[in-house]
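Input: a single structure, listed below in structure tokens.
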Amino acid sequence: MKKENTAAAYRFWQKRKFKTTAFIVLMLAWPILHFLVFWVYINGRTILLTFQKIDTYGKVTGTPMSYYWVGLENYVNTFKDFFFPDGGGGNVVLRRAFLNSLTAFPLNVCVLLPMAYVAAFVFFKKVKLENYFRVMFYLPSIISIVILTMLCKYMFNTGFGPLNMLWKSVFGSSPEWFNVITRSDTIWPLIYLFCIWAGLSGNVLLISGAMSRVPVEILESAQIDGVGFWRECFRIVLPLVWPTISTLIVMGTMAIFGFMMQPYLLAGEGGGYDGQTMTISLYVFSIVSRNSSKGAATGAATVGMMFCVLLTPFVFLFKWLTEKVGKGVEF
């Protein structure tokens, strides 16, 4: 009887173990499949495309619209277009797109992040009208970027925009703020202003979350010692939230790769006059959207991979610098 109970219990355990294993496998199947298809396959295929060309008429492969191997030829041509844009049919827009993309780094790390940190610290200190300002800061993060873009354009509309009317009343005239037909001196400052307005709230939320974990005892001790507002801000709280700040610095550096939506929505897909508002991401998107042929894929993939290779060490460099400049304090 005892042996039968033991065997029954063993079979039940085996059955339960099988169900648990099956459940785990089924739960992991979708994310693993998603990773294999949309990351491994897509990125692997993209890398292979950079070493191939399209045989439109089948003169090389004998099969029209098929790919054939060309080695580093695509990279060499892109390299020439970038470093020698003024000679040999080079691409001036490509160089300008690269330089415009680089501006995402100082915008995020040197302007947006310090402003977000100070704003988060002000909210953390519970200043007067703190709830009102908190709502004003957080509002852009819950509104679609398309709606924010429309609001920005309407505010500077030359016909009825309130900010345009204010500018005109002060200076007597107003420029074409978002002019993409000719060279414009106002379009990039407005793009940067929009990036700060729309992107500030996200950083404030993350930094505020980090500050909420700061031990109250440390702050009370600082107040007893007579530590001032700014000294507490940068000498006490900053080291305690440095892991979050360093992560945001790395994310701000990586924004170079994806700086596209703001110029695209405010200035259009074409990149403005002579590629004035073009970025690397927008350049790749423009190649594919304007030319639906298979040949456009190789050019877009080559540009994307080339600048990923050039800029990835830049990201790792700043990650290393953030670890050297300040280390997180355990609390």
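Every number here is computed from the coordinates shown, using simple stated rules; none is lab data. Just so we're clear, the structure is a prediction, and the values are computed from it rather than from any experiment. Don't worry about glycine lacking a Cβ; one is built from the backbone with ideal geometry, like all the others, and counts go over all protein chains shown.
One decimal place: the segment V118-S169 gains 15.1 nm when fully extended, by the rule 0.36 nm per residue minus the C-alpha distance. With a Förster radius of 25 Å applied to the C-beta separation of R235 and K324, the computed FRET efficiency comes to 0.85. Around the amide H of Q52, modelled in the peptide plane, lie the amide H atoms of V70, all under 5 Å away and 5 or more residues distant in sequence or on another chain. In this simple spin-label model, placing a label point 7 Å from the Cα along the Cα-to-Cβ direction at both V111 and R290 gives a separation of 2.7 nm.
Inter-label distance, A29 to S66: 3.6 nm, where each label sits 7 Å from its Cα along the C-beta direction. Taking 0.36 nm per residue of sequence separation and removing the Cα-Cα distance, the L205/A22 pair yields an extension gain of 62.0 nm. Rounded to the nearest 20 debye, the dipole magnitude of the stretch 92-325 is 200 debye, with +1 charges on Lys and Arg beta carbons, -1 on Asp and Glu beta carbons, and the Cα centre as origin.
Among the trypsin sites (Lys or Arg not before Pro) found in the stretch 149-198, those both in a DSSP coil and sparsely packed, with 13 or fewer other Cβ atoms within 10 Å of their Cβ, are R183.
Distance between the C-alpha centres of the stretch 180-206 and the stretch 93-129: 10 Å, rounded to the whole angstrom. Of the candidates D274, D225, D55, which one comes out as most mobile in a Gaussian network treatment of the chain with C-alpha springs shorter than 10 Å? Highest fluctuation among the options: D225. Label positions at I218 and I42, each projected 7 Å from the Cα along the C-beta direction, are separated by 3.9 nm. Note on T247 and I143: with the Förster distance fixed at 22 Å, the Cβ-Cβ geometry gives a FRET efficiency of about 0.35. Largest GNM mean-square fluctuation across V250, V216, V303, computed for the chain with C-alpha springs under 10 Å, falls on V216. Report summary: the helix-based calculation at 222 nm, which adds -39500 (n - 2.57) for every DSSP H run with n ≥ 4 and divides by the residues of the chain, gives -20500 deg cm²/dmol.
Taking every full run of DSSP H in the chain, the ones that stretch at least 30 Å from end to end by Cα along their long axis and average 0.5 or higher on the Kyte-Doolittle scale are 187-211, 295-325.
Go ahead and run the numbers for FRET between K126 and V227, Cβ-Cβ distance against an R0 of 25 Å, rounding to 0.05. Between K126 and V227 the formula returns 0.90. Between F35, F83, F234, the Gaussian network model of the chain with springs among Cα atoms under 10 angstrom shows the greatest mean-square fluctuation at F35.
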